[in-house]
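Remarks on the structure that follows.
The values are calculated or read from the model by the stated rules, or taken from the named source; none is laboratory data. What you see is a predicted model, and the numbers here were worked out from it, not measured in a lab. Here the Cβ positions follow ideal geometry from the backbone for every residue, glycine too, while neighbour counts run over all protein chains shown. The accessibility values were calculated without ligands, DNA or RNA, using every heavy atom of the protein model including side chains. Shrake-Rupley method; radii C 1.70, N 1.55, O 1.52, S 1.80 Å.
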Amino acid sequence: MLMNCWGRRISNKNKLENRASSKKRIFFSPCFDISFKSLFQSAALVPCSFVLGLAVVCATLTSPAMGADKVELSVEMSKAGAKIDRNIFGQFAEHLGHGVYEGIWVGTDSTIPNTRGIRNDVVAALKAIKVPNVRWPGGCFADEYHWRNGIGSQRVVTLNPNWGGVIEPNTFGTRELMDFLDQIGADAYVSVNVGSGTPREAAEWLEYLTTDQPTTLAKERATNGHPAPYKVGYLGIGNESWDCGGNMTPEYYLSQLKIYSRFVRNFNPAQQDKQQMLKIAVGPGGSEAEWSDWTEAIMKAYEHHHWSWDLNGLSMHSYTVVKWPPSFASVGFGESEYAQILKTTLDMEGLISKHSAIMDKYDPEKKVALVVDEWGAWYAPLPGSNPGFLVQQNSLRDAILAALNLNIFARHAERVRMANIAQMINVLQAMIMTDKERMVLTPTYHVYRMYVPFQDATFVPVSFDAGWYTHGDVALPRVDAIAAKDKAGKLWLEITNLDPNQPVEIEANLVGITAKSAAGETLTAPKVDSVNTFDAPSTVEPKPFSAKVQSGKLILRLEPKSVTVISVEQ
Ligand code: AHR
């Protein structure tokens with residue numbers, strides 16, 4: 001039964017100074033690990049339910065069409081579902097390696113073109129993908145961050161013990177973050193320090209940020225260049241409080257959550273009735289029993305919560321690593337590693353289903369969002385890089401991995417209303433890599449740009465027999481797809497061909513509309529490990545794509561290992 005096939009996570013309790021070597025987690029999932037033969041034999045036992053998120057899996061298991069050249073899709077325009085919240089395309093920027101320093105901040109004296117110290121090239125690139133929100137300052141860093149070190153003209157120089165023990169100059173602090181967000185047009189998702197801070201410290205930060213009354217903190221903000229209150233869209237109350245955030249039990253964390261939720265207030269007058277700041281609690285980090293216990297504890301407390309504290313989101317972290325410590329290479333790999341990583345990333349479906357089911361018990365109206373605020377591929381550090389800086393390359397495989405996860409989030413749009421890929425620049429599965437004055441857009445960036453039309457669009461169910469792509473003992477659905485209707489009523493379709501060797505012909509039956517034409521973009525490259533480099537930045541880039549309309553159906557020929565987004569003209 002697929003529902004029982006989720007991964008397992010083991011946390012290393014050792015407190016080592018270097019975070020990169022302290023993390024030991026083991027995920028495994030037999031879901032797609034079992035041999036193709038046994039999977040096929042068990043297919044008849046699996047009940048087929050074409051309920052949104054399960055549609056692909058069920059269809060796959062019942063498909064008799066192994067290796068078929070054609071995949072038929074049925075797109076049900078009349079059965080529109082939930083809104084795909086634009087916040088699922090959120091980003092994460094931690095003070096880690098060159099994620100902030102060099103990636104965003106170069107300083108006002110830099111020869112790299114900048115606006116008040118923030119790189120212009122990076123801002124322009126991020127504006128193009130319409131980043132909805134940025135989570136900052138961490139990660140593990142957040143639970144050691146003291147905001148007063150990062151305000152005013154005299155910054156306090158500290159250390160970053162989590163990430164290589166390097167100097168933290170605090171030159172990028174509150175004002176610089178808010179300026180950066182203003183430049184790219186994104187909301188602030190600020191994580192406050194629960195691990196080594198106090199409720200008072202966090203409450204004062206929010207007062208400094210948001211009050212329009214002439215308090216001492218507001219006057220200090222004005223002296224520091226910003227008389228008007230800032231908006232803070234989202235408040236993260238701690239980070240991984242079960243591990244780097246303080247090794248807390250669910251009960252201990254819950255007591256902290258109630259205190260922070262009560263006292264850390266947003267005073268911005270514009271955020272009282274409308275656009276209220278949403279509070280996000282630390283949630284699970286895997287799928288074993290201990291994580292169910294965590295989700296149960298928080299959600300059970302939420303069910304009968306007193307007026308004096310509240311909760312709007314539960315965070316969940318899940319990286320695609322296969323096993324800890326991360327050992328898969330991010331470049332120079334073959335089909336076997338391609339298939340294994342994609343198999344592992346599809347565990348996200350089971351993980352979300354599992355924790356959503358627990359949340360449904362206590363919050364059937366889905367008031368609390370599941371916020372996947374750390375996700376993405378985590379590979380071995382690039383040879384020669386500082387292992388504490390989490391530098392990895394980004395290949396076509398990552399583009400496909402991103403599309404698969406975004407599709408999973410979209411299928412769970414009712415509950416998953418926010419997600420933040422880790423991390424935005426130069427760290428883990430980044431959108432952008434920089435090297436001094438040079439910048440390159442990664443394959444993952446291109447997927448985010450292609451998916452812009454899905455931001456705040458309405459989910460439209462798609463059903464199909466995915467067929468199989470198999471490599472060794474790994475069997476994966478051959479294709480994945482989502483559809484959505486934008487605010488103007490236009491239909492958008494995304495289809496991923498996971499098979500790295502075979503093209504696939506898609507025949508899409510659009511129930512409820514008559515298509516005249518369809519066109520968009522497709523992203524592929526010569527090899528599964530093709531990357532963009534500073535010297536060859538266009539190896540993996542979207543190309544124009546068009547579909548044929550034949551007897552009222554859309555016919556698309558998808559390249560092997562490709563991500564395609566099209567819109568349909570009626
Ligand atoms: O993204 C890197 C780290 O992974 C974050 O700091 C932490 O929250 C997670 O364990």
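Key figures for this structure:
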| quantity | calculated |
| --- | --- |
| Protection proxy ranking of 483-496, 453-466 - average other beta-carbon atoms within 10 Å, highest first | 453-466, 483-496 |
| Rounded to 5, percent antiparallel among DSSP beta bridges of the chain | 60 percent |
| Surface accessible to a 1.4 Å probe, per residue, for the residues of the chain, Å² | 38 Å² |
| Accessible-area composition of the chain, carbon plus sulfur, in percent [1.4 Å probe] | 54 percent |
| Sequence-distant residues sharing a close amide H with Glu569 (under 5 Å, placed H) | Lys516, Ser517, Ala518, Ala519 |
| Burial order of peptide ranges 420-431, 162-173, 183-194 (average beta-carbon count within 10 Å, highest first) | 420-431, 183-194, 162-173 |
| Estimated FRET transfer efficiency when R0 is 41 angstrom, pair Glu541-Ser196 (beta carbons, to 0.05) | 0.40 |
| Dimensions (Å) - the chain, Cα atoms, principal axes, largest first | 70, 55, 47 |
| Amide hydrogen neighbours beyond the local backbone of Val166, cut-off 5 Å, H modeled | Asn160 |
| Stokes-Einstein D in µm²/s, Kirkwood radius over Cα pairs - region 423-570 at 10 °C with 1.306 mPa s viscosity | 96 µm²/s |
| Kirkwood hydrodynamic radius of region 335-447, from inverse mean 1/r over distinct Cα pairs, in Å | 15.3 Å |
| Long-range amide H partners of Tyr101 with built H, under 5 Å | Leu96 |
| Positive-pole candidate from Ile341, Gln393, Val368, dipole of region 260-398, charges at beta carbon | Val368 |
| Sparse-neighbour loop sites [trypsin sites (Lys or Arg not before Pro); region 516-570; at most 10 other C-beta within 10 Å; DSSP] | Lys516 |
| Given charges at Cβ of Lys, Arg, Asp, Glu: the chain dipole, positive-most of Trp324, Ala483, Ala515 | Ala515 |
| Shape category assigned to region 93-211 from the gyration tensor of Cα positions, a/c cut at 1.5 | prolate |
| Contact order normalised by residue count of the chain, Cα under 8 Å, 6+ apart, percent | 20 percent |
| Proximal lysines to Lys83, defined as alpha-carbon separation beneath 25 angstrom and excluding residues fewer than eight positions away on the same chain | Lys127, Lys130, Lys231, Lys274, Lys279, Lys354, Lys361, Lys366, Lys367, Lys485, Lys487, Lys490 |
| Dipole moment magnitude, nearest 20 debye, the chain about Cα centre, only Lys, Arg, Asp, Glu C-beta charged | 480 debye |
| Whole-number D in µm²/s for region 86-160 (Stokes-Einstein; Kirkwood sum over Cα pairs; 4 °C, 1.567 mPa s) | 94 µm²/s |
| Volume per residue that the Cα convex hull of region 164-222 spans, once the total is divided by residue count, Å³ | 128 Å³ |
| Selection of GluC sites (Glu not before Pro), region 315-385, meeting DSSP coil and at most 11 other Cβ within 10 Å | Glu365 |
